Amino acid sequence: MAEHPAYPVGLRLTGRRVVVLGGGQVAQRRLPALIAAGAAVHLVSPEVTASVEAMADAGEITWHQRPYEDGDLADAWYALIATGDTEANARASAEAERRRVWCVRSDDADEATAWTPATGHSEGVTVAVLTTDARGRDPRHTAAIRDAVVEGLRDGTLVAPHHRTRTPGVALVGGGPGDPDLITVRGRRLLAEADVVIADRLGPRDLLAELPPHVEVIDAAKIPYGRFMAQEAINNALIEHAKQGKSVVRLKGGDPYVFGRGMEELQALAEVGIPCTVVPGISSSISVPSAAGIPVTHRGVAHEFTVVSGHVAPDDERSLVDWPSLARLTGTLVILMGVDKIGKIAETLVAHGKPADTPVALVQEGTTAAQRRVDATLATVAETVRTEDVKPPAVIVIGEVVKVGPTAAAPRE
């Protein structure tokens, strides 16, 4: 048998009896996949790990709290033998052979009638890797191949064209704060599958260079009709390309719903019946301070953080922000799109009780190679922005967390 490679097959175990002998680490690793496959799992073992016991308590498996007995594999479709008793494993393996039950043995693969491949999943596809040469099995090698294939499918570096008709539609993809490595796995995969990408200026621009030549890339910042018509023009572009049967990705900076007008775009698509998928992104309100060494919360310093848009000044009638209430908060205040309004914002916060010496950090071009951090206080931040020539995009952090660093002593509660 060892001279021939294993024959790969996918077992459909929904509702079918599967027997697992042993309740240790091997069973703990294998059980979730069997449960996900819908198998009726019966586990036989005097003792089990805490995680396996939790599966039994939740009704996901049936636990028979005793050692293996002859007859346990009756009516089973599949068996996993993973006890610490070699003699019991051999008896169970012999029973599986008699009953024609496919059997995996964790202690002796040569005595098994089936092997467990290294498996991974990516958007409806299961990748299973088996070593074809039984005499040279190397689990680490097969696992490494599995990981490389799954990672390539997830991040879009390994693209398998769809040969069946895809449902056209739009994906609103949050690209994260700027570093191309910080886009989500799903977002990167959808980018790799797109026919059209409509990209924001603040999206991860480096990813656009990786797209195949046939992908049409549209710069949302350059869509015509003027500043006040720009969002309507973007909505129209999304609709137009999706109606042509194309797969469209709207690549946005940060998260689509954090000051990203993502809901406006989704509503426009919904009005004309175009399906839309929303892929969350890492918001710059948290990630950029983190990249600059600033935690937005910290034990004993800040138990809350508030994210505010600063694109209109506090005294602007269009402002929806309750600045007096924010001045009374003791936690962290994160301001996006507020560089040119920070002087008025700081003045308003101080006027309503925020100490003038409250620390402020401005992080420009966060997570990119051009990132820089400039520190100030509420009293000095307006002048600092001018003298240091701080430009958008920049995330502004106000609060005591600005002074927390990796060498700071642990604060008292």
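The values are calculated or read from the model by the stated rules, or taken from the named source; none is laboratory data. Just so we're clear, the structure is a prediction, and the values are computed from it rather than from any experiment. For neighbour counting, all protein chains shown are included, and Cβ atoms are generated from backbone atoms with ideal geometry for every residue, glycine included.
Do we find a residue being of a type outside the set (S, T, N, Q), in a strand (DSSP E or B) and in contact with a Lys or Arg (Cβ under 9 Å, 6 or more places away or on another chain) anywhere in segment 86-100? Taking every residue of segment 86-100 in turn, none turns out to be of a type outside the set (S, T, N, Q), in a strand (DSSP E or B) and in contact with a Lys or Arg (Cβ under 9 Å, 6 or more places away or on another chain). Say whether the condition of being surrounded by fewer than 21 Cβ atoms within 10 Å (Cβ to Cβ), in contact with an Asp or Glu (Cβ under 7 Å, 6 or more places away or on another chain), without any contact (Cβ under 8 Å) to a residue 60 or more places away in the chain and in a helix (DSSP H, G or I) is met by at least one residue in segment 107-128. Scanning segment 107-128, I find no residue that is surrounded by fewer than 21 Cβ atoms within 10 Å (Cβ to Cβ), in contact with an Asp or Glu (Cβ under 7 Å, 6 or more places away or on another chain), without any contact (Cβ under 8 Å) to a residue 60 or more places away in the chain and in a helix (DSSP H, G or I), so the answer is no.
Of H121, H141, all but one fail to be modelled with pLDDT under 85, under 37 Å from the mean Cα position of the chain (by Cα), within 20 Å of G38 (Cα to Cα) and not assigned by TED's automatic domain parsing to the domain that holds R29; the exception is H121. Strands (runs of 3 or more DSSP E) fully within segment 190-255 that include at least 1 residues being at pLDDT below 85: none found. Among the criteria (1) more than 37 Å from the chain's Cα centre (by Cα); (2) in a helix (DSSP H, G or I); (3) within 30 Å of V125 (Cβ to Cβ), the one S51 does not fulfil is (1).
The selection criterion, being in a strand (DSSP E or B), more than 32 Å from the chain's Cα centre (by Cα) and of a type outside the set (V, I, T), does not hold for L73.
In this structure, R328 qualifies as surrounded by fewer than 20 Cβ atoms within 10 Å (Cβ to Cβ), in contact with a Lys or Arg (Cβ under 9 Å, 6 or more places away or on another chain) and either under 29 Å from V404 (Cα atoms) or at pLDDT 95 or above (or both).
Residues considered: L182, L266, L211, L251. Of these, the only one that is farther than 27 Å from F305 by Cβ and not β-branched (V, I, T) is L211.
Matching residues to (1) in contact with a helix residue (DSSP H, G or I) (Cβ under 6 Å, 6 or more places away or on another chain); (2) part of a strand (DSSP E or B); (3) without any contact (Cβ under 8 Å) to a residue 12 or more places away in the chain; (4) surrounded by 13 or more Cβ atoms within 10 Å (Cβ to Cβ):
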{"residue": "P8", "(1), (2), (3), (4)": "no, no, no, no"}
{"residue": "V18", "(1), (2), (3), (4)": "yes, yes, no, yes"}
{"residue": "Q28", "(1), (2), (3), (4)": "yes, no, no, yes"}
{"residue": "A56", "(1), (2), (3), (4)": "no, no, no, yes"}
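When restricted to residues that are without any contact (Cβ under 8 Å) to a residue 24 or more places away in the chain and among the small types (G, A, S), segment 274-333 contains 3.
Being outside the structural domain of G253 (by TED's automatic domain parsing), modelled with pLDDT of 95 or more and under 18 Å from G178 (Cβ atoms) holds for only one residue in V385, V308, V395, and it is V395. Among the residues of segment 186-225, those that are surrounded by fewer than 16 Cβ atoms within 10 Å (Cβ to Cβ) and either within 24 Å of A370 (Cβ to Cβ) or under 22 Å from the mean Cα position of the chain (by Cα) (or both) comprise R201, D206, A209, E210, V217, D219, A221, K222. I274 - would you say it is in a loop (DSSP other than H, G, I, E, B), over 14 Å from P393 (Cβ atoms) and touching a Leu at 6+ places or on another chain (Cβ under 6 Å)? It is false that I274 is in a loop (DSSP other than H, G, I, E, B), over 14 Å from P393 (Cβ atoms) and touching a Leu at 6+ places or on another chain (Cβ under 6 Å). Can you pull out every residue in segment 30-44 that is at negative phi and either surrounded by fewer than 22 Cβ atoms within 10 Å (Cβ to Cβ) or not in a strand (DSSP E or B) (or both)? Scanning segment 30-44 gives R30, L31, P32, A33, L34, I35, A36, A37, A39, A40, H42. Residues in segment 230-264 that are of a type in the set (G, A, S) and either on the phi > 0 side of the Ramachandran plot or in contact (Cβ under 8 Å) with a residue 40 or more places away in the chain (or both): A242, G245, S247, G253, G254, G260, G262.
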